[in-house]
1. For residue B:226, indicate whether it is part of a helix (DSSP H, G or I) and in contact with a helix residue (DSSP H, G or I) (Cβ under 7 Å, 6 or more places away or on another chain).
2. Quick test of your reading of the structure: residue A:98 fulfils all but one of (1) at pLDDT below 95; (2) surrounded by fewer than 22 Cβ atoms within 10 Å (Cβ to Cβ); (3) within 9 Å of chain B (Cβ to nearest Cβ). Name the failing condition by number.
3. Only one of (1) within 12 Å of another protein chain (Cβ to nearest Cβ); (2) more than 16 Å from ligand 1 (Cβ to nearest atom); (3) on the phi < 0 side of the Ramachandran plot is not met by residue A:85, so which one is it?
4. Filter segment A:40-70 down to the residues that are within 15 Å of ligand 1 (Cβ to nearest atom), surrounded by fewer than 21 Cβ atoms within 10 Å (Cβ to Cβ) and more than 8 Å from chain B (Cβ to nearest Cβ) and list them by number.
5. With respect to residue A:109, determine if the residue is surrounded by fewer than 23 Cβ atoms within 10 Å (Cβ to Cβ) and either more than 16 Å from ligand 2 (Cβ to nearest atom) or not in a helix (DSSP H, G or I) (or both).
6. Just wondering, is there one or more residues in segment B:819-834 that are assigned to a loop (DSSP other than H, G, I, E, B), assigned by TED's automatic domain parsing to the domain that holds residue B:504 and surrounded by fewer than 16 Cβ atoms within 10 Å (Cβ to Cβ)?
7. I need a count of the residues in segment B:173-185 that are more than 17 Å from residue A:40 (Cα to Cα) and at the interface with chain A (Cβ under 7 Å from one of its Cβ atoms).
8. Are any of the residues in segment B:244-256 in contact with a helix residue (DSSP H, G or I) (Cβ under 9 Å, 6 or more places away or on another chain), over 30 Å from residue B:912 (Cβ atoms), within 16 Å of ligand 2 (Cβ to nearest atom) and touching a residue at least 40 places away in the same chain (Cβ under 8 Å)?
Ligand code: FES
Ligand code: FES
């Protein structure tokens, strides 16, 4: 017979107003003094791109940038970052264009199941922000706190290197709002090959 | 941008009446779109069109049935996943990201005991807590379920007893997570603790309280869940072979370690239909299980697969928490979301079985493998899960890629009071494959031949049958070995590096889709079905039930359709998420999706293509046989300027129906033997792989570092090389984790010590060595465009490659995984003591003196290379069965040709005589129905 254990959780202390800039917009939410940043971001602010992988600082899925510095939001109290500037994966793209790091993760296989991706993206965006031409060792050091079970990291490292290259060349990611292929291709050209050469 | 071809301008959007007035409402479907990223239609890229079709694509292994449908559009090009944009922008919704209005949060009460009877449960206090909306216990759901119809042994919540720590007892739905957690502590459960078992060998014994009761099928009074016996070939004679390797392996249990914890959302919609959102690999099984557990017809349930944050086999069972969410949602009348914390993920487990494997490999004086004898005891934990199949796979999947003289397998799976083991990447094949490959290395050492040469001289050829009757079609095994040998510089490194530095090789073999659908007879119902729908916009919507779990199955199916129809990928839309709209599919396991779904998709696309070509025929007057599909355009073979755009042809074809639909299905050809269990391991195709790993071992600490791995995998044809490489590297990552650090550690009292990602050691970026992925394409005759699987097979060879490399480095054989420094160091110590060496640095560095056999085997390997090529090109069409190398005539039954050739799946007492064998002991019990006292 097991004695019932009672864990008093409710009612907890009253909520207070918590304010921060998240992805460029000012948010004021009600939160407990013990509220975890991860919970506030996911449940109140609504940035569900921030992922919960372990709740104990071991996977890196929940990483966000606070004033440009990577932070594990599951180990951070919301009130610790009161009034700060928070960037989540949703804040990387500029609305139209993907951030080069997003573009490269998509194009070079840096993301398979994608659950770890938001964490990797913000961490490497912060790295490239400081050092657009990082050495392989620097890249590995930057992402050492992030676990990925799918990719084996190799294509992630490549993606970061490629993104650095794009940034150095002043390129942005592709425009997400531009229409893709038209099923009805038209063009001004006449045939350039003699008949019969098509195959 | 290359120059393309202009369409005849449709220009008829200004249809006029005879009197010059426009006809209201009778406008053509105008030229849509905003111009698009490429307004020009590309001609077929001649370099991507196969030789057999008059193109320039080399086909060293001859043409393929799908060649006529290759348009050069996407197949073989590195293609980013079609859903990667969702993932990188944070818009991909995983299980826990589904937030429905007015939702409740569900939480589960779990057993604190390994094994206990539930005397009573009192939930009244929990129900009275303000904010609690529903409480449920096992009483609310008495129907059994389980992933395999033959072993349904799970319930939504415990009925009369709990079987492991973390087993589900009750659940609560409340307004907030805090309230739900608090409510759990108000549920009073009286347990009567029973004696639990934790060691798998105890599971073999009779017990007063077996963990499950299987009625008349129960094996003795023991905890043996499944036992398998197979004996083929010269299983007696093999014991006299001159070279023998015997080893006794211990493999720790493993967890998949996916980054996304399980989560589920259930909602009964206003029409009373259940909508269940879950990150599942196999939504269809959940669909079935929900229906039978809840007693609701299947058509009243919609299973919606969310994005899946990694599966690896760990999200392929129907889970009790999915049932709980549905029950709570029904009771409360509101949507309920249950999300696991990381610890709960380990309680539900379904990871790789902890196993003890006794492996014996025999080789004869001619350097042939005289036989393999395996005894595998695997620890299934508290439930059956996929265990039935796992028990087979531990044996039957090492009957290839080598030709063997005999195969003797005893396998048993037992229940213990641990979280259930199940399917994990490389299902059932990983551990025994490691043991076989290491034993082969050992045999080579005794014979004095290079393990590369030995393997090359003993491979089964393409188009043959294995000793247990599997039908092998294509194999690229030889090329894989050749490639890794060359690229790793094997010949300069093997046994030539200083102490502490080593290189090793290992091979792998895996099914590409299980030949037997679990729930139905393949004769009556196909394995996979895909529907296509093409509407007036010209885009094609693909309906498939294949679950994209990050491996890129949506992308592969989209590619298959886009290739046949010559449409850019952005015109293909995949709808694979909802059981309401998707045709039934068996889901993502046993590496079946690429093979089966793409085949079905190709068939559907061919049907659609025919309709569109016929329409084009009507427009331009050329017969479909002389028409070619190029990028969004259909044109005359001999004059590409004559053609119509895809959209024009589609509109023509839609004249009667308004929309075009097509459907395609795939079923496996009839194959395999007739003995009991012949279907286990049967697949329409098999993948092959060979890896070389180079390691650094510190003899003074036992610390192993993998420096580099060369990984060659035969995936038939890489539909998407980017994804194949990703799978290879990812598999290496997972496999190296298993060799070096990953382990579910159980303490003395049977408690799991490391249910978290801190102590369950998954390799970080620092430990991960460079992996050189090498893609080998054997062009499978039945695969979609020649493709086979690439998701699981690539995991197998890395384990033995690393273990063999450790031997090459310090001359010490390990047979316990993971090879953590403490384990390896104690093995080193033992070895030193045995050899009378004080300092581990004085260990003798293994060396290699080729014996006379080496040259023989090299010659044989060369002959076989020639033989294989002839068979590949179908120049040699003679039949080949395992046994030809031993002088048998492949066209007559083997048992007829030799007295000692056995083919049996029921053991005689002599077959199980060896008292040291563990799994064999499972036969000391008699099934209840066969016992006299029951008769
Ligand atoms: S959730 Fe924060 S590190 Fe895992
Ligand atoms: S992509 Fe799946 S965990 Fe990294």
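The values are calculated or read from the model by the stated rules, or taken from the named source; none is laboratory data. Note that this is a predicted model, so its numbers are computed, not measured. Methodologically, a virtual Cβ is constructed for each residue, glycine included, from the backbone with ideal geometry; neighbour enumeration extends over all protein chains shown.
1. No, not satisfied.
2. Only one criterion is unmet by residue A:98, namely (2).
3. Exception for residue A:85: condition (1).
4. A:43, A:57, A:66, listed by residue number.
5. no
6. So far as segment B:819-834 goes, no, none of its residues is assigned to a loop (DSSP other than H, G, I, E, B), assigned by TED's automatic domain parsing to the domain that holds residue B:504 and surrounded by fewer than 16 Cβ atoms within 10 Å (Cβ to Cβ).
7. Narrowing segment B:173-185 to residues more than 17 Å from residue A:40 (Cα to Cα): B:173-174, B:179-185.
Subsequent filtering for residues that are at the interface with chain A (Cβ under 7 Å from one of its Cβ atoms) retains B:179, B:181-182, B:185.
Count: 4.
8. yes
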